[in-house]
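Every read-out reported here was derived from the displayed coordinates using simple, explicitly stated rules and does not represent laboratory data. Predicted model, so just to flag it, every value in this text is computed and none were measured. Positions of Cβ are generated from backbone atoms using ideal geometry, with glycine treated the same way; all protein chains shown enter the neighbour counts.
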Amino acid sequence: MSLLLRTEQLVAGWQQPATQQLDLTVAAGEIVGLTGPNGVGKSTLLAAFAGRAKVFSGRIEQAAGLRVALQTQDVPPVVGLPLSGRELLALTGAAAVGLPAWLADRLDIRLDKLSGGQRHYLTLWAILQAPADLVLLDEPTNNLDVAGVAHLTEHLRDRAAAGAGLLVVSHDTAFVDAVCDRVIALGGNDVG
Amino acid sequence: MSVELFLLPFLTGLGLAILLPVLGCYLRLRDEWLAALAYSHVAAAGALGALLAGIPPGLGGLGAAALAGAGRRLFARRLSGGAGDALLLLGGWAGAILLAANAPMAERLGHALFDGQLYFAGSEQLWPVAIGGIVALLVLRALAPRLLLARVYPDLFRLRGLPAWPIQAGFDLLAALCLALATMSLGVMGAFALVFIPPWLAFRRAANWRSGLRWAVAISLVAYVVAFALALWLDQPFGPVLAVLLVLAGLLVA
């Protein structure tokens, strides 16, 4: 398996360091979980991998030409916007094939007319299925019911089997245990 | 009433009634609809300043609005939350009113720019609107996927390494020039009415983005044609009649 992402003693943050040192690798076809208590800097690390947060020390290495997709906990601002699910998928280049039945037949409805769970899953799917080699997910099970989590688990495995590397930040230990090949638990000392 | 006399004004306004609601949809997408009002006021001040300097007012309006559009991005970080647009609006309004109040030759043009002077539009207004409108619509069509992606998924937009300037400074400049063109014919508030109300109504009802654009243009065209005929029939200024019609439509739908 080729290495997509590697960090060495990485410390990231915004105005000041917000994480402890981290050594991490994610290879193609691998699903790596990142867990830990609130404030330990899990989301900050994803932001650093996406080039948004600041690297204070250590290093991040990415495979040449790596295509990265990032799902954050921020809800895309679609309320009040006449944007259908089909148009959303077209924006990111995501395919609708594989969507659960409870969403597949609702693609032509505008996003702010869907339930919170349906909207979350569709906005997550648009990132998951976007053309990318490395997919970074931040608390993807938020707002999902049991059926949604089960479908997501299945789909992440399919995505990894197709060659993508996935890094998943989650508080949901059952989900992380079920879907991840490796789990890295960050320490509880908040440095942020 | 001569048909020929009103053909050029009608066509000039018709072009703007197609362009402005489309532009308004993208301004609304970006939560920048207040910028439209700001650009119109700055364009009015620029036109009046140009008149006093012996430069064609249309060029002055376009130049001032272009400067505002291009410069807006420079202060975007320091003047967040719409503060930049509010300052532009107030500055443009104050400049225009002061110029009109202190220079007799600017007073008449000032009234025309704020009330709208569509019925006096000739070929010198029609051609810039026709050519500029087509170019602007083509540019908007090309920018549309990036404007939408940058709004809905800003991180993915950045991660894909897409250049930001076309959807930031480029879009601001385009919007400013379109509003300046419109202000010269429709007046400040007539232009704002077409850029704000049809997209606002369309966003409430449309099932998707494409139908939102179509609804906005359809509402704008119907309001424009009715307002044009009504204002002529009642011998009233066009801008306020258009605004009243659109406000009534807005209240009805809301």
Quick one: order B:R108, B:R77 by neighbouring beta-carbon count within 10 Å, fewest to most.
B:R77, B:R108
Roughly how many whole Å is it from the C-alpha centroid of segment A:99-173 to that of segment B:60-125?
47
Which whole-number percentage describes the relative contact order of segment B:194-254, with Cα contacts under 8 Å and a sequence gap of 6 or more?
32
Cα gyration tensor shape of segment B:3-253, rounded if a/c is under 1.5, else prolate or oblate by comparing a/b with b/c:
oblate
Computed [θ] at 222 nm, deg cm²/dmol, chain B (DSSP H ≥ 4; -39,500 (n - 2.57); rounded to nearest 500):
-28500 deg cm²/dmol
Quick one: A:K42, A:K54, fewest Cβ neighbours within 10 Å first, how do they rank?
A:K54, A:K42
Quick one: which residues, 5 or more positions from A:A53 or on another chain, have an amide H under 5 Å from its amide H? H modelled 1.01 Å from N in the peptide plane, none for Pro or chain starts.
A:A48
Mind running the shape call on segment B:85-223? Use the C-alpha gyration tensor, a ≥ b ≥ c as the square roots of the eigenvalues: rounded below 1.5 for a/c, prolate if a/b tops b/c, oblate otherwise.
prolate
Please give the FRET efficiency for A:R67 paired with B:L98, using the beta carbon to beta carbon distance and R0 = 60 Å, rounded to the nearest 0.05.
0.65
What is the protein assembly as shown by shape, rounded, prolate or oblate, if you read a ≥ b ≥ c off the alpha carbon gyration tensor as root eigenvalues and call it rounded for a/c under 1.5, prolate for a/b larger than b/c, and oblate otherwise?
prolate
Between A:E154 and B:L79, what is the label-point separation in nm under the 7 Å Cα-to-beta-carbon projection?
5.4
Normalised by the number of residues in chain A, what is the relative contact order in percent for Cα pairs under 8 Å and 6+ residues apart?
34
Percentage relative contact order, segment B:3-253, counting C-alpha pairs under 8 Å, at least six apart:
32
At 222 nm, what value in deg cm²/dmol follows for chain A if DSSP H runs of at least 4 each add -39500 (n - 2.57) and the sum is divided by all its residues, to the nearest 500?
-8500 deg cm²/dmol
Only helices at least 18 Å long along their own axis, judged from Cα atoms, and with Kyte-Doolittle mean hydropathy of 0.0 or greater: name those in chain B from DSSP H.
B:3-29, B:33-53, B:57-72, B:83-102, B:123-152, B:169-186, B:188-205, B:209-234, B:238-253
Can you put B:Y119, B:Y224 in order of Cβ neighbours within 10 angstrom, beginning with the fewest?
B:Y119, B:Y224
Label point 7 Å out from B:L5 along Cα-to-Cβ: which residues of segment B:97-126 have amide N under 18 Å?
B:117-123
